[in-house]
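Okay, structure first, notes after.
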Protein chains: 2
Amino acid sequence: MRKGSPTSKTRPGRSAKRDIEAPDQRVVRSRRTILDATTQLLSERGLSGATVDEISRRSGVAKTTIYRHWPTRIDLLRDACSKLGTPLEAPDAGNFEGDAIALTSKLARMLRSAQWTSVLPSIIDAAEREPDIADMYSRLQQGYSAPFEAIIRRALRKGELPANTDAATLIAALTGPLFYRRWFSREPLTDAFAKRIVRLAIGGAVPRGGSNHKPQMI
Amino acid sequence: MRKGSPTSKTRPGRSAKRDIEAPDQRVVRSRRTILDATTQLLSERGLSGATVDEISRRSGVAKTTIYRHWPTRIDLLRDACSKLGTPLEAPDAGNFEGDAIALTSKLARMLRSAQWTSVLPSIIDAAEREPDIADMYSRLQQGYSAPFEAIIRRALRKGELPANTDAATLIAALTGPLFYRRWFSREPLTDAFAKRIVRLAIGGAVPRGGSNHKPQMI
DNA sequence: ACTTTACGCTACGATACCGTATCGTAGCGT
DNA sequence: ACGCTACGATACGGTATCGTAGCGTAAAGT
């Protein structure tokens with residue numbers, strides 16, 4: 001009952017430093033295949049739908065092999081989730097509005113067409129109750145808010161934004177409506193919408209002098 | 001195997017119109033108890049955690065009785081979810097900014113302290129894949145965006161907003177950041193934050209004349 | 001009082017899923 | 001060529017959950 005158990009307790013790829021320099025091809029292939037099938041299944045059915053048996057079926061990798069690589073289903077899912085998506089790069093359009101439009105458009109495109117985003121509600125639901133999922137998610141989220149922080153910091157340096165601007169609030173104003181649109185209001189998430197949001201957050205919809213003035217186009 | 005099955009096929013409260021005028025007290029008590037336990041459990045554990053056995057345990061109502069009232073677990077959950085929360089009322093502060101601040105503050109308070117809101121990610125996750133859950137949710141969502149539509153329409157009538165304002169976009173700009181803050185960035189959702197969002201959406205953070213001007217306080 | 005209706009309880013059958021045991025086989029390094 | 005390591009297949013044990021059957025009992029309605 002200890003470590004000598006033949007099946008699951010001897011984990012592959014854990015013998016010498018050779019495993020790092022010239023890893024066993026069988027191991028890397030198994031891990032990659034399993035992780036690919038897992039992320040695909042996650043996208044289709046969410047966390048609760050990502051079953052070890054189903055992952056085994058799709059990947060063609062035996063269930064026992066899966067458990068040789070990850071001690072538990074949750075560990076596999078955490079691992080797969082932490083590798084989700086590709087980070088956004090901070091654009092440089094020359095001014096803040098251009099940067100913001102470019103970045104929110106990219107985010108909008110990602111939210112509406114990258115399949116993996118459909119697992120997010122499931123993760124967020126789990127994060128509501130399980131702290132380690134919350135940790136994993138916050139690192140993920142960090143990655144997607146970082147470029148926004150970057151363009152805001154640059155705009156602050158250049159004086160394009162008031163010095164007392166709260167970055168977190170501005171990020172929420174820029175990106176929040178996109179997430180909202182995708183999942184809460186479930187309306188079409190177009191580039192035009194993203195642009196309108198940026199204009200609203202930056203410029204405002206109301207003429208500066210108050211009411212009853214000629215409205216400015218947005 | 002037909003309708004004559006003694007247990008679950010004879011649904012309580014379905015005999016005469018007497019059931020509507022003077023309903024059997026046992027029936028109303030059971031339904032209420034079950035629904036209460038269900039919503040409480042939903043808040044704590046989400047859709048997948050709301051188990052019929054656990055609902056039975058908490059409510060003290062026998063599992064068979066539950067199935068006498070709802071043909072299936074999903075029907076019970078849909079029913080409970082569709083009754084979630086209490087609608088927001090549209091305020092009347094005299095001007096749009098006041099209305100918007102009052103309403104977003106109310107929404108922020110709800111999102112951070114009403115227990116039932118913690119079931120939303122779970123619902124949204126299910127809505128991603130199951131159309132009937134999506135329908136149920138959209139009716140729910142409708143209820144919470146309606147007062148925003150009301151104050152926007154009023155502001156449009158009074159000329160406080162440009163005539164070409166897109167209500168859906170403005171609603172997204174006002175409420176999206178709150179939802180975002182609650183679930184996606186997981187930062188504190190204060191009234192002050194709500195107020196800053198309203199100021200951003202309405203007034204804008206950037207001085208009208210462009211960059212390098214004296215920033216206006218927000 | 002008598003009937004109808006609703007409820008409680010226990011016990012099931014049927015799945016689905018997790019994680020492990022066991023044994024045989026194939027690939028990899030040396 | 002030989003041993004070590006990883007993989008595949010099958011079969012389990014254990015648990016959770018859905019939904020139903022079959023009873024007896026209590027509370028309404030008349």
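Data overview
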| item | result |
| --- | --- |
| Yes/no for B:D75 being outside the structural domain of B:R181 (by TED's automatic domain parsing) and more than 27 Å from A:L42 (Cα to Cα) | no |
| Yes/no for A:S48 being within 14 Å of chain B (Cβ to nearest Cβ), within 10 Å of DNA strand C (Cβ to nearest atom), more than 30 Å from A:L170 (Cβ to Cβ) and modelled with pLDDT of 95 or more | yes |
| Top-ranked residue in the range A:126-154 [being in contact with a Pro (Cβ under 8 Å, 6 or more places away or on another chain) and in contact (Cβ under 8 Å) with a residue 12 or more places away in the chain; ranked as farthest from B:G46 (Cα to Cα)] | A:I151 |
| The one condition in (1) within 16 Å of DNA strand D (Cβ to nearest atom); (2) free of Cβ contacts under 8 Å to residues at least 40 places away in the same chain; (3) not small (G, A, S) that A:M110 fails to fulfil | (1) |
| Residue check, B:L120 of a type in the set (A, V, I, L, M), crowded, with 23+ Cβ neighbours inside 10 Å, more than 7 Å from every other protein chain (Cβ to nearest Cβ) and closer than 19 Å to A:E187 by Cβ | yes |
| Residue within the range B:75-95 that is within 16 Å of DNA strand C (Cβ to nearest atom), more than 30 Å from B:A167 (Cβ to Cβ), within 14 Å of chain A (Cβ to nearest Cβ) and touching a helix residue (DSSP H, G or I) at 6+ places or on another chain (Cβ under 9 Å) present | no |
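Residues checked against (1) more than 7 Å from chain A (Cβ to nearest Cβ); (2) surrounded by fewer than 24 Cβ atoms within 10 Å (Cβ to Cβ); (3) touching a residue at least 40 places away in the same chain (Cβ under 8 Å):
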site	(1), (2), (3)
B:L156	yes, yes, no
B:L170	no, no, no
B:Y180	no, no, no
B:K195	yes, yes, yes
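The values are calculated or read from the model by the stated rules, or taken from the named source; none is laboratory data. This is a predicted model, so every value here is computed, not measured. For neighbour counting, all protein chains shown are included, and Cβ atoms are generated from backbone atoms with ideal geometry for every residue, glycine included.
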